Amino acid sequence: MKPSTRVFRTLLVPGAMMSLLSFSSCAERKGSQSKNMSDEKKAIQAKTDTAVFGTGCFWCTEAVFQRLEGVVKVTSGYSGGHVVNPTYEEIGTGNTGHAEACRIVFDTSKISYDDLLEVFWKTHDPTTLNRQGNDVGPQYRSVIFFLDNEQKAKAEYYKDQLNKSGAFKDPVVTAVEPYKNFYSAEAYHQNYYNNNPEQMYCRFVIMPKLEKFEKVFKEKLKH
């Protein structure tokens, strides 16, 4: 299926992308997990699909996609590597092949994969290889893990169009990789921003990013 030209035109809104880029390193990571059973029930009842994205630190990725209308559940985890059931400490070495990623379950009657890609491109810097700000290493790579040929085609199409358009001053280096695994991160990483809004990283990195995101995507937010 050919991607929506409407979404691509929206991707090129001047200033929208770069205004959402935030550069900082992940601070000490501590917290607790809060399970939301209503999200689980919605995922079962709705006609859903799944996307898996990596945009650097998964705390930011999770917080952004949780706020979109039609997104049923977001799980932070590790994807794309060769180590089975990796720990956060192993991921931090950069030797597992995994990226910090989020698995996003969404209601296809309320939001499309094209819409999710639009948010993906606009909420991180896809031009820095294995890096987001001060977070450096392959675990922080910009990556789309496609689950089928349609997702692959759309991801590659938008990446190609963004590079041709000159929307970024540097080439988009986002990896488009076949999905092969996903391991949920430790419990304290789940729902991190919502559980720890006063934590320093949340206050000074995630919160400003969310404020910008919510202004650009206010029509797509949950009410």
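Couple of notes before you dig in:
- Selection of the range 176-212 for residues being free of Cβ contacts under 8 Å to residues at least 40 places away in the same chain and touching a Leu at 6+ places or on another chain (Cβ under 9 Å) yields only P178.
- Any hit, the range 142-160, residues being in a loop (DSSP other than H, G, I, E, B) and either touching a helix residue (DSSP H, G or I) at 6+ places or on another chain (Cβ under 7 Å) or among the β-branched types (V, I, T) (or both): no
A quick yes/no check of all residues on (1) out of contact with any strand residue (DSSP E or B) (no Cβ under 6 Å at 6 or more places or on another chain); (2) aromatic (F, W, Y); (3) over 15 Å from T61 (Cα atoms):
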{"position": "Y140", "(1), (2), (3)": "no, yes, no"}
{"position": "Q151", "(1), (2), (3)": "yes, no, yes"}
{"position": "A167", "(1), (2), (3)": "yes, no, yes"}
{"position": "Y179", "(1), (2), (3)": "no, yes, yes"}
{"position": "E211", "(1), (2), (3)": "yes, no, no"}
{"position": "K218", "(1), (2), (3)": "yes, no, yes"}
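- Residue list for the range 73-108, filter: open to solvent by less than 10 Å² (accessible area, probe 1.4 Å) and either free of Cβ contacts under 8 Å to residues at least 12 places away in the same chain or of a type in the set (A, V, I, L, M) (or both): I91, A99, A101, I104
The values are calculated or read from the model by the stated rules, or taken from the named source; none is laboratory data. Here the structure is a predicted model, which means the values were calculated and not measured. Using ideal geometry, Cβ is built from the backbone for each residue, glycine included, and neighbour counts are taken over all protein chains shown. Note: areas computed on protein heavy atoms with side chains; ligands, DNA, RNA excluded. Shrake-Rupley method; radii C 1.70, N 1.55, O 1.52, S 1.80 Å.
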